[in-house]
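As structure tokens, the structure follows; a few thoughts come after it.
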Amino acid sequence: MTLFETFAPAPLQAVGAVGGVVCGLVAVWLARTIPPRMELEERARPTWWWAMAVIVGGLNGWLVANAVDSWALLPAYLAFVGATLGLSLIDLDHQLLPNRVLFPSTGVVAVLLLVGAVIEGAGADLLRALLGGAAYFVFLLIVAIFARGGFGMGDVKLAFLLGLVMGFGSWGELAVGVILAILLGGVASGLLLVFSRKGRKAKFAYGPYLVLGAWIAVVWGERITDWYLGTAG
């Protein structure tokens, strides 16, 4: 099985990769300048950490370029990669998803999706995107209310951005992203509980796992859904 059934044209792949690197640099800048200064000096990240973040941005840019295979939609997906990468970096260090990054990012991605959808004639996809964002938001809000500490309101607000982009792809893509986020976050929090000296008092950032689930779903959600339906059938 190959990464994609068909690859995007080489120029689109190149623009996606370069754009992803730029988004990675923006994400690093956000992570190093937007949050308050770290209280503990030993938590400062080494240079290789930020370099890896830029590489992850470039890789994701290349992946989404192949996944969407559209010049009109690529800017929205690159903005999504940059915003979610930056938010993940911030959340890992501060257990914080700042509104001054989250709200503008959501607005920019929504506008770029709107422009891309108009160019592609994908009005139905845009409506599904809005419904997907609302559905994920409401779902995590309910979980946050009843889980008592499992999710913060930053995670709930992030869910709208993630659901917006996954919903634009398909309902199956959204379902895959939600399930993966729950599984990945559950495993990671369980490992932290077992191996951390602080035990239940250890702080856990769920945002990066919501983002990771969404990244996988955006790129391979449809293939995962088709595989599952084929296996179940």
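First select every other residue whose beta carbon is under 13 angstrom from the beta carbon of Val219; then total the charges, Lys and Arg +1, Asp and Glu -1.
Residues close to Val219 contribute a combined charge of -3.
Counting other beta carbons within 10 Å of each residue's own, what order do Met166, Met52 fall into, fewest first? If you can, show how the numbers build up before the last one.
Values: Met166 29, Met52 14.
Going from sparsest to densest Cβ surroundings: Met52, Met166.
Rounded to the nearest 20 debye, what is the charge dipole size of the stretch 10-232 about its Cα centre when +1 sits on each Lys and Arg Cβ and -1 on each Asp and Glu Cβ?
With only Lys, Arg, Asp and Glu charged at Cβ, the dipole is about 880 debye.
Specify the inter-centroid distance of the stretch 171-187 and the stretch 213-233, based on alpha-carbon positions, in whole Å.
11
Let me have the 222 nm mean residue ellipticity of the chain computed from DSSP H runs of 4+ only, each contributing -39500 (n - 2.57), with the sum over all residues rounded to the nearest 500.
Per the formula, -27500 deg cm²/dmol.
Under 1.5 on a/c is rounded, so check that first for the stretch 31-148, then, if it is not, pick prolate when a/b is larger than b/c and oblate when it is not; a ≥ b ≥ c are the square roots of the alpha carbon gyration tensor eigenvalues.
Oblate, since a/c reaches 1.5 and b/c is not below a/b.
Putting +1 on Lys and Arg Cβ atoms and -1 on Asp and Glu Cβ atoms, find which of Leu193, Pro11, Gly207 reaches farthest to the positive end of the dipole of the chain.
Of the options given, the answer is Leu193.
Of Ala65, Val81, Val156, whose Cα points farthest to the positive end of the dipole of the stretch 10-232 (charges on the beta-carbon: +1 Lys, Arg; -1 Asp, Glu; origin at the Cα centre)?
Positive-end residue among those listed: Val156.
Once you wrap a convex hull around the alpha carbon atoms of the stretch 10-232, what is its projected area averaged over all directions, in nm²?
Projected area, direction-averaged: 13.1 nm².
Distance between Cα centroids, the stretch 103-128 to the stretch 44-89: provide it in whole Å.
Centre-to-centre distance over Cα atoms comes out at 18 Å.
In what order do Arg128, Arg45 fall by count of nearby beta-carbon atoms within 10 Å, going from fewest to most?
Going from sparsest to densest Cβ surroundings: Arg45, Arg128.
Under 1.5 on a/c is rounded, so check that first for the stretch 102-217, then, if it is not, pick prolate when a/b is larger than b/c and oblate when it is not; a ≥ b ≥ c are the square roots of the alpha carbon gyration tensor eigenvalues.
prolate
I need to check one value: relative contact order of the chain, counting alpha carbon pairs closer than 8 Å and at least 6 residues apart, in percent.
Values: 338 pairs, mean separation 43.7, N = 233.
Computed value for the chain: 19 percent relative contact order.
Any read-out appearing in this document is the output of simple, stated calculations on the displayed coordinates, not a laboratory observation. This one's a predicted model, so the numbers in the text were calculated from it and none came from an experiment. In this analysis, Cβ positions are derived from the backbone assuming ideal geometry, glycine residues included, and neighbour counts consider all displayed protein chains.
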